[in-house]
Amino acid sequence: MIELYTNTTSNGRKISIALEELALPYNAIRIDTQAGASRTPEYLQINPNGKIPAIVDPDGPSGQRFVMFESAAILVYLADKTGRLLANKGAARYAALQWLQVEASGVSPDAFWLFYIGLKEKNEQAATMLRTDLARLYGVLDKRLGHAPYLAGEELTIADIAHFPWVAGATAWQGIDLAPFAHLRRWYDELATRDSFQKGMKIPA
């Protein structure tokens with residue numbers, strides 16, 4: 001059984017959604033990052049970067065125990081392990097990976113710093129700048145979803161899973177109205193009805 005080290009964050013929930021969607025047995029272990037649990041010597045043996053999420057797969061490559069950290073890398077690993085949610089080669093694979101990179105290099109950092117600098121520290125200038133760029137990125141996703149049901153094309157992939165928890169925060173705490181983004185709203189509403197997404201968003205309890 002895979003061990004998932006996680007917390008109630010968008011990055012953590014990407015992995016629990018993927019595990020649910022792939023029907024892989026796992027045990028979620030909550031790491032209280034605010035209390036310093038991600039900086040203990042024991043946890044740093046799992047993730048030397050001291051962040052969540054991370055997984056330990058007892059049945060990794062060649063049947064050996066394998067540790068993975070960084071959420072985008074974990075998503076690729078789980079997809080390759082199961083042969084699902086990411087094509088094994090060709091244009092479909094690269095399409096998914098490029099949209100995964102949009103999340104990792106754009107949506108995720110914008111939303112992360114919006115929360116910590118803009119909202120938690122009440123820096124209005126930073127909040128405005130980050131919210132504006134995040135809305136711009138949602139517009140990029142919306143335009144893409146006007147041409148295909150999912151970010152990489154006709155099939156659900158890890159790129160959709162990676163974006164979903166962040167988009168879920170648009171009206172919950174980011175202060176971004178999804179009404180102007182009709183295609184993104186359609187995509188979000190559809191994925192929000194899937195059992196795997198509903199269950200994954202509640203991990204850890």
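The values are calculated or read from the model by the stated rules, or taken from the named source; none is laboratory data. Keep in mind the model is a prediction, meaning the values are calculated, not measured. Every residue, glycine as well, gets a Cβ built from its backbone with ideal geometry; the counts of neighbours run over all protein chains shown. In case anyone asks, the SASA skips ligands and DNA or RNA and just uses the protein heavy atoms, side chains included. Shrake-Rupley method; radii C 1.70, N 1.55, O 1.52, S 1.80 Å.
Observations, loosely collected:
- Dimensions in Å of the chain - Rg and Dmax from alpha carbons: 16.8, 51
- Net charge of Cβ neighbours under 11 Å - reference GLU3; Lys, Arg +1; Asp, Glu -1: 0
- Karplus-based coupling profile of region 65-70, in residue order and whole Hz: 4, 9, 10, 10, 9, 6, with θ = phi - 60° in 6.51 cos²θ - 1.76 cosθ + 1.60 and x standing for Gly or Pro.
- Restriction of the trypsin sites (Lys or Arg not before Pro) in region 51-114 to DSSP coil positions whose beta-carbon has at most 14 other beta-carbons within 10 angstrom yields ARG65, LYS89.
- Gained length - SER105 relative to ASN88, 0.36 nm times residue gap less alpha-carbon distance: 3.8 nm
- Added length on full extension, which subtracts the Cα-Cα distance from 0.36 nm per residue, ALA35 to ILE117: 27.6 nm
- Three principal axis lengths of region 1-47 [C-alpha, angstrom, descending]: 31, 21, 13
- Counted charge near GLN198, where neighbours are those whose Cβ lies closer than 14 Å (Asp, Glu -1; Lys, Arg +1): -1
- Alpha-carbon centroids, region 131-203 and region 91-124: separation in whole Å: 12
- Listed values for region 94-107 are Karplus-derived 3J(HN,Hα) couplings in whole Hz (6.51 cos²θ - 1.76 cosθ + 1.60, θ = phi - 60°), namely 5, 4, 5, 5, 5, 6, 4, 5, 4, 5, 5, 9, x, 4, and x replaces Gly and Pro.
- In region 146-205, GluC sites (Glu not before Pro) in a DSSP loop with at most 11 other beta-carbon atoms within 10 Å: GLU154
- Neighbourhood net charge (15 Å Cβ-Cβ; Lys/Arg +1, Asp/Glu -1) for VAL67: -2
- Cut-off under 5 Å, modelled amide H: who pairs with ALA28 long-range: LEU4
- Reach of LYS14 by Cα under 25 Å, taken over lysines that are not fewer than 8 positions away in the same chain: LYS51, LYS81, LYS89, LYS120, LYS143, LYS199, LYS202
- Placing ILE161, ILE117 in order of accessible area, with the largest value first and a 1.4 Å probe, yields ILE117, ILE161.
- The residues of region 1-99 have, on average, 50 Å² of accessible surface per residue, using a 1.4 Å probe with all protein chains present.
- Solvent-accessible area, 1.4 Å probe, carbon plus sulfur percent, for the chain: 54
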